[in-house]
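The values are calculated or read from the model by the stated rules, or taken from the named source; none is laboratory data. What you are looking at is a predicted structure, and each value in this text was computed from that prediction instead of being measured. We place every Cβ from the backbone using ideal geometry, glycine too, and count neighbours over all the protein chains shown.
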Amino acid sequence: MKRGSDAGRGALAPLLAAGALGLALYALLFASPYAIRLLTLAGIDALLVIGYQLIFGHAGALSLAQGAFFGLGAYVTGILGSAAGLGFLVTFPLSLLLPAALAALVAVPTLRLQSHYFALATLGIGQVLLLGARNWDAVTGGANGLAGVPGVIVLGIAVPAGLPLLALIWAMVALGGALARHVVRGPLELAFLLLRESPLGAAAIGLDGGRLRLLAFVASASYAGAAGALGAHALRVVSPDVLGFPVMVTCLAMTVIGGRLRVAGAVLGALLLVSIPEWTRFLEGAYLLAYGLALLAIIILMPEGVIGVLERAGAVSRSERPLPPVRSRPPPQPAKAACSECRLDIRGLAKRYGGVEALAGVDLALKSGEILGLIGPNGSGKTTLVNLVTGVDAADAGAILLDGAAIAGLPAHGIARRGIARSFQAGALSPSMSVLDTVALARQAAERRLTLGRALVAGHGRRAFEAARGEAMHLLESMKIGDIADRRCGELAAGLRRRVEIARALALRPRFLLLDEPAAGLVTEERRRVADDLAALASEGLGLLVVEHDMPFLMPLAHRIVCLDRGRVIASGTPAEIARDPRVVAAYLGTAAPAAG
């Protein structure tokens, strides 16, 4: 198997190493004191951006609080260093911890918000801190700020300004970058990718998107606090300007220009935005205009950032390297689906959207090994019922019982973890992810092996993920689609995408599988293959609820069928009984009802 992005990174590595060596030689041999100062500030900015990549790049949330956390870290160091006389070994950890604690405190209400609402809420954090810094004169120095912040002193040894401080800060950048790269790789990188590209798909395999964003938000705040602390030591002064919105704008610009997902992008973005003003100063009065035009050109011409352009160039100039083969391995224990007495009961389920009654007291039951078809005209409430059962929406009334235990009101990822999997009418796969990784990520999530602890230790959880990849390959081969394991989901035809989505759902080892129009858009041969797959799953004990409009597909497949109309059950029975029911014929099938198998 091959992976183009890995090849691009491999080809890019020598170029980045050469750039780092050249920069080091320039600082040692040719840089003026002013240039060294600029490189020092660029290192501080790079550390800030590495943290911001976690929440903005990987988690996909537009936080506008990174500048606020930067300023808070600077003030912690400034206050404790200048007023309390504490040393670097005390102030620096506190400059990381307090922004992280604040991020954790505000995350609960703000991370529930979506899109621009989250951005506005996080912007408010900075404004509150800025007002506090300006008005708490006794502690922060008010509008004048704090002067006389000591330099970095470790065990009584001062780190002088110039090359020693530059080396220390860039060592911090290397350490912070290595830690970020170590954590956000492998399964966690894939989890964030799925969360960005298909939040519903992430919840459907049991990923807690809120928790992932919380981890990214808190970690990004720690990086910002570290950058703020180093900035206070480098400048020897802290003023309310460090909490100003321009700091956030600069951080965002560096992230977009350098690249949202790669540590190298953070470094390139910081170096470019610190250097471009200096390169354009020869234009004198027009240099700000030239600076703005240069930034605009980079953003328009390089939407993936400078590092994205370099990666693509590397992938083109160097052939893709094959990945190690994945050995198929069966799961270590029997699947949850092997359950002869599991039940899913829906009682009096009701849901309204404004003045529209989508469901009005629906009752139905599903047993292990049964295929229950759900039919009805458009707008009858079929997809609404699936969304309520799987936690995508909350019911207004009624009960949903899984083996007698109430699950209504649980979040979607919680219901997936309890054994109810689903597919989506429009699909919910990440187009950028390979088929194998799509299914392996679901296996990893199903076994609760996708944790921050595994990302930090035990080989970053890679051993567990390799086991999950082996089990995923076994599942793909059992469904006779192992030959597409290395292909991107976005490259697949509709029929294959449906089968991959079913494979991903099965990787959770569910007790029940809810399918929303699995035959939609498929040709005859593809429909036959999907039907064979579903029949085989039911014979193994999996309970299936199949929402479908294609009666020739559903009638021979289903054991029972329930028909909805205007949010109510109007008929229930065998396919033959449903085909002859006058209410179903009048409401949905029409006079030319298909024969039941």
task: Report whether or not P518 is more than 23 Å from P431 (Cα to Cα) and not aliphatic (A, V, I, L, M).
output: no
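Residue by residue, here is whether (1) on the phi > 0 side of the Ramachandran plot; (2) of a type in the set (D, E, K, R); (3) buried (at least 21 other Cβ atoms within 10 Å of the Cβ) holds:
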{"site": "G369", "(1), (2), (3)": "yes, no, no"}
{"site": "G373", "(1), (2), (3)": "no, no, yes"}
{"site": "G381", "(1), (2), (3)": "yes, no, yes"}
{"site": "D403", "(1), (2), (3)": "yes, yes, no"}
{"site": "G409", "(1), (2), (3)": "yes, no, no"}
{"site": "G419", "(1), (2), (3)": "yes, no, yes"}
{"site": "S423", "(1), (2), (3)": "no, no, yes"}
{"site": "G427", "(1), (2), (3)": "yes, no, no"}
{"site": "P431", "(1), (2), (3)": "no, no, no"}
- line: Note on A576: of the conditions (1) without any contact (Cβ under 8 Å) to a residue 40 or more places away in the chain; (2) assigned to a loop (DSSP other than H, G, I, E, B); (3) not polar (S, T, N, Q), unmet is (2)
- line: Subset of the range 148-161, residues within 12 Å of H233 (Cα to Cα) and surrounded by fewer than 14 Cβ atoms within 10 Å (Cβ to Cβ), comes to G148, A158, P160
message: Can you confirm whether V184 is closer than 20 Å to T91 by Cβ and among the β-branched types (V, I, T)?
response: no
message: Just to be sure before I move on: is L175 in a helix (DSSP H, G or I) and within 30 Å of A468 (Cα to Cα) in the structure I sent?
response: yes
message: Between A507, A536, which is under 24 Å from C342 (Cα atoms), buried (at least 21 other Cβ atoms within 10 Å of the Cβ) and of a type in the set (G, A, S)?
response: A507
Search result, residues across the range 162-180 that are crowded, with 17+ Cβ neighbours inside 10 Å and not aliphatic (A, V, I, L, M): W170, G176, G177
- prompt: Looking at the range 490-573, what strands (runs of 3 or more DSSP E) fall wholly within it and have at least 1 residues that are aromatic (F, W, Y)?
  reply: 512-516
message: If I filter the range 228-276 down to residues being charged (D, E, K, R) and assigned to a loop (DSSP other than H, G, I, E, B), which single residue comes out as surrounded by the fewest Cβ atoms within 10 Å (Cβ to Cβ)?
response: R236
task: Run down L62, L54, L111, L80 and say which single residue is over 18 Å from the mean Cα position of the chain (by Cα), assigned by TED's automatic domain parsing to the domain that holds W279 and among the aliphatic types (A, V, I, L, M).
output: L80
field: Answer from L359, L366, L401 - the residue that is in contact with a Ser or Thr (Cβ under 7 Å, 6 or more places away or on another chain), of a type in the set (A, V, I, L, M, F, W, C), in contact (Cβ under 8 Å) with a residue 24 or more places away in the chain and in the same structural domain as S539 (by TED's automatic domain parsing)
entry: L359
